[in-house]
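First up is the structure itself, then whatever we jot down about it.
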Amino acid sequence: MNSRRFAFSSVLCLGLFFNSCGWVVETAFPISLDEFLGKQFYDAAVQGKEGMHVLRNERLRTYVQDVASRVLKAKEIRFKQEFPYKVTILNDDSVINAVCAPGGYIFVYTGLLHFIKDEATLAGILAHEIAHAEKRHSMKQLSSSIATYFAIYLVLAYVLGPDLAQHASGMASISSNLLSLANSRGAEEEADALGFQYMRATPYYPGASANFFREIKRWRQKHSGDKEDSLPLGKYLSTHPMDDDRIADNEKRLKAAGIGEPKPESFFRERYRQKIGALLGDTKGEE
Ligand SMILES: [Zn+2]
């Protein structure tokens, strides 16, 4: 390795070590890396690794995908071409959560589909998850825990050429802990704010996701004596901070945008009830 390359790699290592979330990802990580990493995670899910069970119910998947597609019409979404924004349903009624792997691979647990009551709330949650992928939040999180790996990887790419596939095997293991990755408070706020903007392009009430927070709050109060991590919401709460601030912020955004009280029909509650009843109710446990 010549001295120029050595200097480059040293600077890169330092940069990655001291800048766990921010400009390093924006400037040094090609966007194709997000898609590549997300695909490894998606493949692992399809193969049933890491305790994940993909629900093979194409009609239900298409229904949820259609809700996501309405959100994806928002002009603020930048990576429509680069990211597949593909919805996958994970069969686990005990988990009330949705996650988005880098590159726009969205995973929705059956527990969440049972928990929520209308399509607008689902759209709000999907919009929030899409925002995480757009802002590359998990890439930023990952960059702190795997700084060394990426530094080595990027140096290799610099020396050998950017052949991502060459390093596939190593990358796959990194992606496996994505589901438990908690975003920073700032990232959550950013995803809420962006998700709200995306929702404005849809036929849904943009403030709908606040219903989900209220629902969780009620549910939490009901189970206040129980041990948190034993509850279905444990995983949601460990990856999403939950307090009144998110509800209050949502109210502020609605006010600033001049959006008044919602019309009941902008929640699509009945359509949701019917679809989930027909597609999930009857096919629960189908693999
Ligand atoms: Zn989030």
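Rule-based calculations on the coordinates, nothing more; no lab input. These numbers were taken from a predicted model, which means no experiment stands behind them. Note: ideal-geometry Cβ built from the backbone for every residue, glycine included; neighbour counts use all protein chains shown.
Numbers for the structure displayed
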read-out	value
Net charge over other residues, Cβ less than 12 angstrom from the Cβ of residue 119 (K, R count +1; D, E count -1)	+2
Computed FRET value (nearest 0.05) for residue 265 with residue 114, which takes r as the C-beta separation and R₀ as 25 Å	0.60
From phi via Karplus (6.51, -1.76, 1.60), per-residue ³J(HN,Hα) for the stretch 205-215 in Hz, x at Gly/Pro	5, x, x, 4, 5, 4, 4, 5, 4, 5, 4
Inter-probe distance in nm under a simple model that places probes 7 Å from Cα toward Cβ, at residue 81 and residue 245	3.8 nm
Around residue 65: net Lys/Arg minus Asp/Glu count, Cβ-Cβ under 11 Å	+2
Cβ-defined net charge surrounding residue 75, 13 Å radius [Lys, Arg +1; Asp, Glu -1]	+2
